[in-house]
Structures are given as structure tokens and as C-alpha cells.
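The values are calculated or read from the model by the stated rules, or taken from the named source; none is laboratory data. Bear in mind that the values here come from a model prediction, so they are computed numbers and not experimental data. Counting neighbours? That spans all protein chains shown, and the Cβs are built from the backbone with ideal geometry, glycine included.
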Amino acid sequence: MDALKNAEVDKLWTSIKATPAAYYLGAMLNLLIGFVILSLYNRWSMDLAVLVTFLGYLQVIRGILALFCHDRMIKWSQKLISNPNFRLMGIIPLVYGLLLFWLGFFA
């Protein structure tokens, strides 16, 4: 089952690399989401709310890098995916998401 998932991810990644329009569309969506977050929620304060602002800036930076440095971003992504600890890196967005969940529902 695990090999099947890896094969599907490889097919998806080669499809995106072969279709630059899909990559640029993703970059534009990152930019749009980042700008919407920043226009609605741009607060630098000493509480958990700064996590939302940080997410907006991350999205904008990711979109700009994908638009203007797409070859370098693809190489970096391939190197990241080939890392044997790639699945363990999923803990970082999980913790970040839990912090945003806490902010949205309990703070």
C-alpha cells in the first residue's frame, strides 16, 4: 500500500513538473491566500494571534518564490521529498494546525 502511495505522488509530481501552468496556478493561489490573510488579519502582538499573520507572510513568500524561482523551488522540493525523514516533517504543520485550532476555538 505504501509503494502505491509513493507511486501516485511521483506521478502527480512529474505531472506538475511537466505542466508549468499548474505550478504557476499553485503559486498564484498561494499569493492570493497570503494576501487575503494579511489584508484581513495583519496583527503583530504578543499572543497566539501572531500565528495567523505569520501564516499569511509564509504564503506570500512561498507564492513569490514559486513565481520567480520555480526551477530552484522544484529542485529543493525534490531534495526534500527524497529525504528519508520526510514523513516526520509532517509533525511541524500538525503542531502549527493545532495551535491555530486552539486560537480559533479556545482563545
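Of the listed requirements (1) surrounded by 14 or more Cβ atoms within 10 Å (Cβ to Cβ); (2) not in a helix (DSSP H, G or I), Gly26 misses just one: (2).
The condition of being surrounded by 10 or more Cβ atoms within 10 Å (Cβ to Cβ), part of a loop (DSSP other than H, G, I, E, B) and touching a residue at least 40 places away in the same chain (Cβ under 8 Å) holds for only one of Leu55, Leu48, that being Leu48. In the range 30-45 there is at least one residue matching the filter, namely being among the aliphatic types (A, V, I, L, M), in a helix (DSSP H, G or I) and surrounded by fewer than 13 Cβ atoms within 10 Å (Cβ to Cβ). Residue pairs whose Cβ atoms lie under 8 Å apart, sitting 6 or more positions apart in sequence or on different chains, and linking a residue in the range 11-26 that is within 16 Å of Leu67 (Cβ to Cβ) to a partner that is polar (S, T, N, Q) and in a helix (DSSP H, G or I), are Ala22/Ser15.
Tell me yes or no: at least one residue of the range 60-83 is surrounded by 14 or more Cβ atoms within 10 Å (Cβ to Cβ), polar (S, T, N, Q) and either in a loop (DSSP other than H, G, I, E, B) or modelled with pLDDT under 85 (or both). Yes, that holds for at least one residue.
The residue that is nearest to Ala49 (Cα to Cα), among those in the range 69-102 that are among the hydroxyl-bearing types (Ser, Thr, Tyr) and under 14 Å from the mean Cα position of the chain (by Cα), is Tyr96. Just wondering, is there one or more residues in the range 86-104 that are in contact with a Lys or Arg (Cβ under 9 Å, 6 or more places away or on another chain), modelled with pLDDT of 90 or more and in a helix (DSSP H, G or I)? No: zero hits. Is it true that Asn6 is of a type outside the set (A, V, I, L, M) and outside any helix (DSSP H, G or I)? It is false that Asn6 is of a type outside the set (A, V, I, L, M) and outside any helix (DSSP H, G or I).
For the range 1-23, taking the residues that are in contact with a helix residue (DSSP H, G or I) (Cβ under 6 Å, 6 or more places away or on another chain) and modelled with pLDDT of 80 or more, the one that is surrounded by the fewest Cβ atoms within 10 Å (Cβ to Cβ) is identified as Ala22. Can you find a residue in the range 27-35 that is without any contact (Cβ under 8 Å) to a residue 12 or more places away in the chain, of a type in the set (Val, Ile, Thr) and out of contact with any strand residue (DSSP E or B) (no Cβ under 8 Å at 6 or more places or on another chain)? No, the range 27-35 has no match at all.
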